[in-house]
Amino acid sequence: MKNTFRGSVRPFVNFNAKHDAEVLHKAMKGIGTDEDTILMLLAARSNDQRQQIKAAYKKAYGKDLLSALKSELGGLLESLIVALMTPPRSYDASQLHKALKGAGTDDDVLIEILASRTGEQVKDVIKVYKKEFGSKLEKDVCGDTSGHYQKLLVILLQGSREEGVDESKIEKDAQDLYAAGEGKFGTDEEKFITILGNRSAEHLRKVFDAYKKLSGSDIEDSIKGETTGNLEGLLLAVVKCAKSVPEYFAESLYKSMRRAGTDDDTLMRIMVSRSEVDMLDIRACFKKMYGESLHTTIQVPCSYREELLPFSCEKC
């Protein structure tokens, strides 16, 4: 059977949770903290293994490992270690909660997570969000958003895309999208939302090909010409993820490092959340799209570059 694991972080082979807990304890003991040891150990373990280390640490030392780590670390390194120690769906839930709470909304986070996760993952995040924050994710999203943008977010929150390809709908969907945008004065946003929010990725890829033959342009060009703001951003993310999730994240990583100053939050969130999912594919897409390795690019602008290199290393 072909190995389909595409993460850059794999379960550590000779894993011993008790031993790792001891190493971390020694790294935090006494004056000063051995940050390199902490980082290199945790970056070389899978998330499931980190949870086992957390349990072993509590059993051996009677205190919470995450609290101990936070008391010893600070800044971006602390944020990275906390992210590494958080189970994937809890991490997504915490990022969404952070994006929604307080004044203003971090729409980039909402768009990234809800456009790229599978239906099952979205459903799991909703459960974790309710358990950890005592609130319904959909309610919080609706409280912070409005209009067609809100409608598409709510559709994505259902986590119930159709499965497979419906050959009988391909041409009609392409024609409907054309008629809703380029083919009329004004835009029928509802049609874009319904088709892009509900069809499977495989089906949408065929619709996009049919759309290009029909209109002579890519669906992305139509979206850019017909919509603006957060709705445009979300529709584009949905289209890009339908075409290729790794390419979507490669582009997001590139943009995070090409702004005036690195967007550390986005860079960290993607590197951590995709490290056990498809980082090998993201790395390959990055090289193909931008002509340089992700590893090399991270080394240049990143203020905490050494911390993220284990996830991008060509030798991983």
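The values are calculated or read from the model by the stated rules, or taken from the named source; none is laboratory data. For clarity, every value in this text was computed on a predicted model and none was experimentally measured. Here Cβ is always computed from backbone atoms with ideal geometry, including for glycine, and neighbour counts include all displayed protein chains.
Given the structure, is D221 surrounded by fewer than 19 Cβ atoms within 10 Å (Cβ to Cβ), under 16 Å from L110 (Cα atoms) and out of contact with any His (no Cβ under 8 Å at 6 or more places or on another chain)?
Working: surrounded by fewer than 19 Cβ atoms within 10 Å (Cβ to Cβ): yes; under 16 Å from L110 (Cα atoms): no; out of contact with any His (no Cβ under 8 Å at 6 or more places or on another chain): yes.
The answer is no for D221.
Tell me, please, whether a residue that is surrounded by 16 or more Cβ atoms within 10 Å (Cβ to Cβ), under 20 Å from R269 (Cα atoms) and not aliphatic (A, V, I, L, M) can be found in the stretch 8-25. Scanning the stretch 8-25, I find at least one residue that is surrounded by 16 or more Cβ atoms within 10 Å (Cβ to Cβ), under 20 Å from R269 (Cα atoms) and not aliphatic (A, V, I, L, M), so the answer is yes. What tally of residues in the stretch 123-182 results from selecting those that are of a type outside the set (S, T, N, Q), in contact (Cβ under 8 Å) with a residue 12 or more places away in the chain and outside any helix (DSSP H, G or I)? Count: 9. Out of K59, K63, one residue alone is in the same structural domain as G32 (by TED's automatic domain parsing) and either touching a Gly at 6+ places or on another chain (Cβ under 6 Å) or part of a loop (DSSP other than H, G, I, E, B) (or both). It is K63. Kindly indicate the residue of the stretch 98-122 that is of a type in the set (S, T, Y) and without any contact (Cβ under 8 Å) to a residue 60 or more places away in the chain and also nearest to G197 (Cα to Cα) among those meeting that condition. Among them, the one singled out is T118.
Scanning the stretch 122-143 for residues that are out of contact with any Lys or Arg (no Cβ under 9 Å at 6 or more places or on another chain) and crowded, with 17+ Cβ neighbours inside 10 Å returns V122, V141.
Taking the stretch 281-301, which residues are of a type outside the set (K, R), assigned to a helix (DSSP H, G or I) and modelled with pLDDT of 95 or more? Listed by number, the residues that qualify are D281, I282, A284, C285, F286, M289, Y290. Only a single item in (1) surrounded by fewer than 21 Cβ atoms within 10 Å (Cβ to Cβ); (2) within 22 Å of D108 (Cβ to Cβ); (3) in contact (Cβ under 8 Å) with a residue 60 or more places away in the chain is not met by V245, and it is number (1).
Here the condition is being in a helix (DSSP H, G or I), surrounded by fewer than 21 Cβ atoms within 10 Å (Cβ to Cβ) and either modelled with pLDDT under 95 or not assigned by TED's automatic domain parsing to the domain that holds T194 (or both); of T262, T266, it holds for T266 alone. Is it fair to say D108 is at pLDDT 95 or above, acidic (D, E), farther than 27 Å from L39 by Cα and touching a Leu at 6+ places or on another chain (Cβ under 6 Å)? Spelling it out, it is not the case that D108 is at pLDDT 95 or above, acidic (D, E), farther than 27 Å from L39 by Cα and touching a Leu at 6+ places or on another chain (Cβ under 6 Å). Could you go through the stretch 48-62 and let me know if any residue there is farther than 18 Å from S275 by Cβ, of a type in the set (S, T, N, Q) and out of contact with any Leu (no Cβ under 7 Å at 6 or more places or on another chain). No, the stretch 48-62 contains no residue that is farther than 18 Å from S275 by Cβ, of a type in the set (S, T, N, Q) and out of contact with any Leu (no Cβ under 7 Å at 6 or more places or on another chain). If you go through the stretch 34-64 and keep only what is among the β-branched types (V, I, T) and either within 16 Å of K18 (Cβ to Cβ) or surrounded by fewer than 17 Cβ atoms within 10 Å (Cβ to Cβ) (or both), you end up with T37, I53.
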